[in-house]
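Below is one structure, written out as C-alpha cells; comments come after it.
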Amino acid sequence: MTELGTISDELGKMYDQTTPLSIALNDGQEHLAYWYGKEDDTTVFEAAQRITRKVADTLYLRPGERLLDAGCGVGAPAVLVAKETGALVTGITVSAAQVAEGERRAFESGLSRSVRFERGDYQSIAYPDGSFDAIMAIESLMHAPDLDAVLAEFHRVLRPGGRLALSDCTREPGMSDDEFVQLSEAFKMHCLLTIPQWVETLKRAGFVVEEYIQCGPRVYGMGLRYLDRANELQDELVSDFGEEAIENLKQGYRNYFGAGGERMGYGIIAARKPAEGRCCAKCGTTY
C-alpha cells in the first residue's frame, strides 16, 4: 500500500468512513449535481451524472486515450466516462475503501481492462512524465494543501498538448474570511478560489485556459436537494448507519449549502498543456 502524507492519510480515513453512506445516497456519484431549476425533478444520481458528463465533454476524449481521474471517489464517474467515451481511465484516491469499491464497479460493469483504481496522492503521482492524454479532477482540488504543487504534477504527467478539466466550488464575493475558515475546518477544505483566481493559477502552472463556466445557481444553489434525498431515505439510512450519523449528515448539508449563492458558486474549467514551449515559469523546462 502506498505511503501517503499525514494530511492525505487523514483525508483518506475520512473518506473510508463516509464511503458506505455516499453509496447509499447517490450510488457513488460523490460530487454535486446539476439541476436546470426548481421544476427539474431529475434524481440526485442522474443530476450528478450531468456534472461528470459536463467535465468529460470539455476534454473531448477519444477511444483509447489515457485519462487520469485525480481524486476518483468510489469510481462511478470513471466507469461512466470509460463506458461512454472508450477512454482508458486510471483513478487515484487516498482512500483504500474507495479503491475497493471502484474495482468492484469496474468489474461489474465489464470494464476491468479499461478502468483501474489505485491508492495514491495527486501531490506525488506515481507515473512518468507524459503518461496521460487528459486529467479530470471533480471536486478534489479543494483538498489540495499546495495547489501549485498539484498542478505542477498534473502538468508533468500530461503529454504535450494534453488536456485538464476540473470542477469545484468557488468562492464568491459575499463570503467572509470567517465563513471560509469555518468551511475549511468542517470539510478539510484548503482551496476555495474565485473563477478569475482559478484562471490565473492555471496559467501560472503553465496551462492555457480554454473554457470556463460558472454554474453555481444550478449546482451549489440547488444543493439542499441532498437534504431532501436524506429525508426521503430516512428510515433506511437510520437502519443502516444510526440516527446520530444521519442527523449529523443532514446538519452538514445545512451548514455546507446554507452559505447561499452569493457566497459560494460552482465552476467548470478546461485547460491544455501547450504542445511545445516552456513547461512553467518555475522550472523553465522546454519540449
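The values are calculated or read from the model by the stated rules, or taken from the named source; none is laboratory data. Computed from a prediction, not measured in an experiment: that's the story for all the values here. Ideal geometry is used to build each Cβ from the backbone, glycine not excepted, and the neighbour counts take in all protein chains shown.
If I go through the stretch 145-175 residue by residue, how many of them are modelled with pLDDT of 90 or more and in a loop (DSSP other than H, G, I, E, B)?
Residues meeting the conditions: 1.
Check off (1) free of Cβ contacts under 8 Å to residues at least 12 places away in the same chain; (2) among the charged types (D, E, K, R); (3) touching an Asp or Glu at 6+ places or on another chain (Cβ under 6 Å) for Asp168 and give me the number that stays unchecked.
Among (1) free of Cβ contacts under 8 Å to residues at least 12 places away in the same chain; (2) among the charged types (D, E, K, R); (3) touching an Asp or Glu at 6+ places or on another chain (Cβ under 6 Å), the lone unmet condition for Asp168 is (1).
Select from the stretch 208-243 the residues that are under 17 Å from the mean Cα position of the chain (by Cα) and among the hydrophobic types (A, V, I, L, M, F, W, C) and write down the one among them that is farthest from Phe257 (Cα to Cα).
Only one residue fits best here, namely Ile213.
Considering Glu185, Glu118, Glu179, which residue is surrounded by fewer than 18 Cβ atoms within 10 Å (Cβ to Cβ), part of a strand (DSSP E or B) and charged (D, E, K, R)?
Glu118
Scan the stretch 67-74 and give yes if some residue there is under 27 Å from Ile213 (Cα atoms) and surrounded by fewer than 23 Cβ atoms within 10 Å (Cβ to Cβ), otherwise no.
No; the residues of the stretch 67-74 include none that is under 27 Å from Ile213 (Cα atoms) and surrounded by fewer than 23 Cβ atoms within 10 Å (Cβ to Cβ).
How about the stretch 262-278: which of its residues are closer than 26 Å to Ala33 by Cβ and either at pLDDT 90 or above or among the hydroxyl-bearing types (Ser, Thr, Tyr) (or both)?
Gly265, Tyr266, Gly267, Ile268, Ile269, Ala270, Ala271 - these are the residues of the stretch 262-278 that are closer than 26 Å to Ala33 by Cβ and either at pLDDT 90 or above or among the hydroxyl-bearing types (Ser, Thr, Tyr) (or both).
Checking the condition small (Gly, Ala, Ser), out of contact with any strand residue (DSSP E or B) (no Cβ under 9 Å at 6 or more places or on another chain), modelled with pLDDT under 90 and within 30 Å of Pro160 (Cα to Cα), which residue from Ala259, Ala186, Ala281 passes?
Among Ala259, Ala186, Ala281, only Ala281 is small (Gly, Ala, Ser), out of contact with any strand residue (DSSP E or B) (no Cβ under 9 Å at 6 or more places or on another chain), modelled with pLDDT under 90 and within 30 Å of Pro160 (Cα to Cα).
What are the residues in the stretch 106-124 that are within 18 Å of the chain's Cα centre (by Cα) and within 24 Å of Asp57 (Cβ to Cβ), if any?
Val115, Arg116, Phe117, Tyr122
In the stretch 121-140, what count of residues is obtained for those that are assigned to a loop (DSSP other than H, G, I, E, B) and in contact with an Asp or Glu (Cβ under 9 Å, 6 or more places away or on another chain)?
Residues flagged as assigned to a loop (DSSP other than H, G, I, E, B) and in contact with an Asp or Glu (Cβ under 9 Å, 6 or more places away or on another chain) within the stretch 121-140 amount to 6.
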